[in-house]
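What follows is a set of notes on a single structure, which appears directly below.
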Amino acid sequence: MTVALRAATLEDCERVWQWNFAADVRAMSNDPTIVELARHAAWYVHRIGEGAFWIVEFEGEPVGVVRIDYGKISIALAASARGKGIGKRAIAAACAAWAKPVVAQIRGDNRPSRAAFEAAGFVTSGDAELVTYQWGPSCRRRR
């Protein structure tokens, strides 16, 4: 299974919007607000210039997006890419590329995301409605 990250480009804007604002993704998001495409596009153009924003590719096809903002990671995958181990590989690759500590905040009831982050080497700081995970070189050594 080949999972790779590539830098997000302007051509990916609508695709990223579709992944991020799919109803099932929003339902498990910390912020369920849906943003219209025009507003997303304005944010996107600014954001891709800052780096740490990747398209997740599986077998050469784009299937999701992962980004790190100020040390906080977020990921969204197409429904067809979930449950295959793609998320954990993308998360691990993004963290390795970032090479600094990373935090993930995931709803306590979002078991698939929690499992992906745990499999990628994140450790939790406790269970609650919103679970905070941390990743860094010391986390990798503990696993």
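The values are calculated or read from the model by the stated rules, or taken from the named source; none is laboratory data. Note that the structure is predicted; figures quoted are calculated from it, not measured. Cβ placement follows ideal geometry from the backbone for every residue including glycine, while neighbour counts extend to all protein chains displayed. Quick note on the areas: whole protein, heavy atoms, side chains included, nothing else; ligands and nucleic acids left out. Shrake-Rupley method; radii C 1.70, N 1.55, O 1.52, S 1.80 Å.
Within region 100-122, whose backbone N sits under 15 Å from a point 7 Å along Cα→Cβ of Leu130?
103-110
Taking all protein chains as present, what is the carbon and sulfur share of the accessible area of region 2-107, in % to the nearest whole number, probe 1.4 Å?
Numbers: 3080 of 5420 Å².
So the carbon and sulfur contribution to the accessible surface is 57 percent.
Expressed in nm to one decimal, what extension gain is obtained for the pair Lys72 and Ala42 from 0.36 nm per residue of sequence separation less their Cα-Cα distance?
8.7 nm
Between Ala79 and Arg111, how many nm apart are label points set 7 Å from Cα along the C-beta direction?
Reported label-point gap for Ala79 and Arg111 is 2.0 nm.
With a Cα-only, solvent-free Debye model of the chain, what are the log10 I(q)/I(0) values at q = 0.09, 0.12, 0.21 Å⁻¹?
-0.25, -0.45, -1.46
Run the helix sum for the chain: -39,500 (n - 2.57) per DSSP H stretch of 4+ residues, divided by residue count, reported at 222 nm to the nearest 500 deg cm²/dmol.
After summing the helix terms and dividing by the residues of the chain, the value is -10500 deg cm²/dmol.
Starting from the Cα gyration tensor of region 20-63, take the square roots of the eigenvalues, sort them a ≥ b ≥ c, and report rounded, prolate or oblate (rounded when a/c is under 1.5, otherwise prolate if a/b is larger than b/c, else oblate).
oblate
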